């Protein structure tokens, strides 16, 4: 028997009232299948494409099961954490808690969200006052556990959302630490939801779930059928001009553009701003406030383009997002599914375009193999990629200014004694040794980001970077330590302090 309304699911009047006020009348397939199973107290392994309503699929029955324990007591002891929901990124955690708060506004249950990137002191007062439903990113949750501000000994329901992304971001050791802090598995209900399944996910499910019911509403590792996919082959140097052409020729106001690295996201955003497009970037090096401001502006239609790394591939929910552009194809084909899942959500139609350079064609083949479909190769009318590449490359100030920049550094750093200079007046000064050019340094940064995209610098990397910068400052002629006052370090070479504790 097919379920056609939320009333048929047996939800309480308070929850039905909130759902109705939110404008929902008919449950999605994943909701219709998952809610009765979760209400029955069984473990669930759920699989569905992103944007199909997984959050309500576990959020509504959690509220229903915990509602009898709601109370108005001011004592924190009367409000222990009974449901724990782990999410891989801040954006997804915020989105999940927002929906929990909306659906549970008439139940009397308390909920909150804790995540990194902000001062933990801002969250201490809320969690110490007591909440029944806690949404968290793994790293920040462990921070609270260490400070004894959160006790997990009363957790009755444990949810692992976007489990495949947890694997990609290296959170599995943290998750296992958290699982060790929870009550015994037979005493709690465990729910695992993921848009894609892999052998690693199955192993994790074996450790976490107890005789789970597998709920799938679509073939595994597939993209949403509501998204139209196409690819455009063009040189890397022509991609920016092609992206600008797409936005302007279609008069688009909301285009989500994915790149692989944090450095590449910031650079592309600056270039598109120079091209006259309202643009911002979101990635792991941005502060949480800056990321939230950029998302808010994008959702309000104030930005034409939002450039993002895969940190935004999960948890970014924009109503009727018209277009997702893969400016650079991901190295992991599963990430492609999550990227294009930002459009075509909740039954709406959407479009995904991939800009494929010759060196990226191997990634396109891997994506097609995963999806078991052949991508349509299109051409844009009125756009010449070769001419665009020439126009993009011709005015580049970076290469033309590089010698001048090094020329300015050379006389400042080459302070040889005057006597030696007079002794060989006709000899050209030797080029500084072991000093990488600016272009070389940028390539090194790009390679580092590509190896570990959207992750903060580790201490080893930071120390290596500091060592290389020290060599750069003191390697010009070997006179970096002059007598008297020490030479100032150029601002461009100073390491910016990272303010984030986790990548997402």
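No value in this document is a laboratory result; all are computed from the given coordinates. Everything quoted here is computed from the prediction, not taken from an experiment. Using ideal geometry, Cβ is built from the backbone for each residue, glycine included, and neighbour counts are taken over all protein chains shown.
Brief remarks on what is shown
- The alpha carbon convex hull volume per residue for region 227-304 rounds to 114 Å³.
- The gain in end-to-end length when the residue 365 to residue 71 segment is fully stretched comes to 100.3 nm, 0.36 nm per residue minus the alpha carbon separation.
- P(r) tail for region 1-154: Cα pairs beyond 27 Å make up 23% of the total.
- Euclidean distance between Cα centres, region 8-54 to region 252-296, Å: 34 Å
- Binned Cα-Cα distances of region 39-122, short to long, each 10 Å bin given as a whole percent: 14, 46, 33, 7, 0
- Pairwise label distance in nanometres, residue 377 with residue 349, each label 7 Å out on the Cα-Cβ vector: 2.6 nm
- Residues residue 275 and residue 214, FRET efficiency given R0 of 35 Å [Cβ-Cβ distance, rounded to 0.05]: 0.15
- Sequence ranges 248-256, 19-27, 326-334, ranked by mean other-Cβ count within 10 angstrom, highest first: 326-334, 248-256, 19-27
- Computed over region 227-393: relative contact order in percent, which uses C-alpha pairs under 8 Å that are six or more apart: 36 percent
- Inter-label distance for residue 26 and residue 252, nm, one decimal - labels placed 7 Å from Cα along Cα-to-Cβ: 2.9 nm
- Here, region 227-393 yields an orientationally averaged convex hull projection of 9.2 nm² when only Cα atoms define the hull.
- Computed lengthening from residue 153 to residue 121, 0.36 nm per intervening residue step minus Cα-Cα distance: 9.3 nm
- Rel. contact order, % - alpha carbon contacts under 8 angstrom, at least six apart, region 6-216: 28 percent
- Protection proxy ranking for 137-146, 113-122, 155-164, using the average of other Cβ atoms within 10 Å per residue and placing the highest first: 155-164, 137-146, 113-122.
- Gain in span if fully extended, residue 245 to residue 145, counting 0.36 nm per residue against the direct Cα distance: 31.0 nm
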